[in-house]
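Below is one structure, written out as structure tokens; the observations come after it.
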Amino acid sequence: NWWSAMWKKVPTGGGYYLLQSRYRPTEYLHIQNGKLELGEIASQGWWSAQWKEIPVGGGWVQIQTRWKPDIHLNNTSGPTGKLEAIPVQPNWASSKWKVE
């Protein structure tokens, strides 16, 4: 029930989409400033805010940014459990997602 944990995929073409916050609908996940941020974007054309699902087997995907294709969403292990956008390996469980 936490809106802050809910995201909407907004298609931008070519299999890419924006990840829009349900809690803050004018804000999107992006890496415009080098790290993963939630904030307003200048336009839906920002490649730094566009994401694509890359199948990695078993119904799991990695979520890759259009702007820097070596960067993927990753759920950091450890005490913070923080979401980040970093280079990942295909076998990292922390970078695999089930998307509805």
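The values are calculated or read from the model by the stated rules, or taken from the named source; none is laboratory data. Keep in mind that this is a model prediction, so the values were computed, not measured. In this analysis, Cβ positions are derived from the backbone assuming ideal geometry, glycine residues included, and neighbour counts consider all displayed protein chains. Note: areas computed on protein heavy atoms with side chains; ligands, DNA, RNA excluded. Shrake-Rupley method; radii C 1.70, N 1.55, O 1.52, S 1.80 Å.
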The ³J(HN,Hα) series, computed from each phi in region 19-30 with the Karplus coefficients 6.51, -1.76 and 1.60 at θ = phi - 60°, rounded to the nearest Hz and given as x for glycine or proline, is 9, 8, 6, 6, 5, 10, x, 8, 10, 9, 6, 7
About its Cα centre, how strong a charge dipole does the chain have in debye, to the nearest 20, once Lys and Arg get +1 and Asp and Glu get -1 at the Cβ? 120 debye
In square nanometres and to one decimal, what's the mean projected area of the convex hull around the Cα atoms of the chain? 6.7 nm²
Cross-link partners among aspartates and glutamates for Lys35, C-alpha distance below 15 Å, same-chain residues fewer than 8 apart left out? Asp70, Glu84
Determine which aspartates and glutamates satisfy two conditions relative to Lys98: a Cα distance under 16 Å, and not lying fewer than 8 residues away in the same chain. Glu53
Heavy-atom accessible area per residue of the chain, all protein chains kept, 1.4 Å probe, expressed in Å², is 64 Å²
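Which chymotrypsin sites (Phe, Trp or Tyr not before Pro) in the chain sit in a loop by DSSP (not H, G, I, E or B) and have at most 16 other Cβ atoms within 10 Å of their own Cβ?
Numbers: sites: Trp2, Trp3, Trp7, Tyr16, Tyr17, Tyr23, Tyr28, Trp46, Trp47, Trp51, Trp60, Trp67, Trp92, Trp97; in loops: Trp2, Tyr23, Trp46, Trp67, Trp92.
Filter output for the chain: Trp2, Tyr23, Trp67, Trp92.
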May I ask you to list the GluC sites (Glu not before Pro) in region 1-89 that are in a DSSP loop and have at most 16 other Cβ atoms within 10 Å of their Cβ? Glu27, Glu40
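Of the trypsin sites (Lys or Arg not before Pro) in region 5-99, which ones lie in a loop per DSSP and count no more than 12 other C-beta atoms within 10 Å? Mind dumping the intermediate values first?
Numbers: sites: Lys8, Lys9, Arg22, Lys35, Lys52, Arg66, Lys82, Lys96, Lys98; in loops: Arg22, Lys35, Arg66, Lys82, Lys96, Lys98.
Within region 5-99, the qualifying trypsin sites (Lys or Arg not before Pro) (loop, at most 12 other Cβ atoms within 10 Å) are Arg22, Lys35, Lys82, Lys98.
Counting only protein heavy atoms, what percent of the accessible surface of the chain is carbon or sulfur at a 1.4 Å probe?
Working: 3410 of 6360 Å².
C and S atoms contribute 54 percent here.
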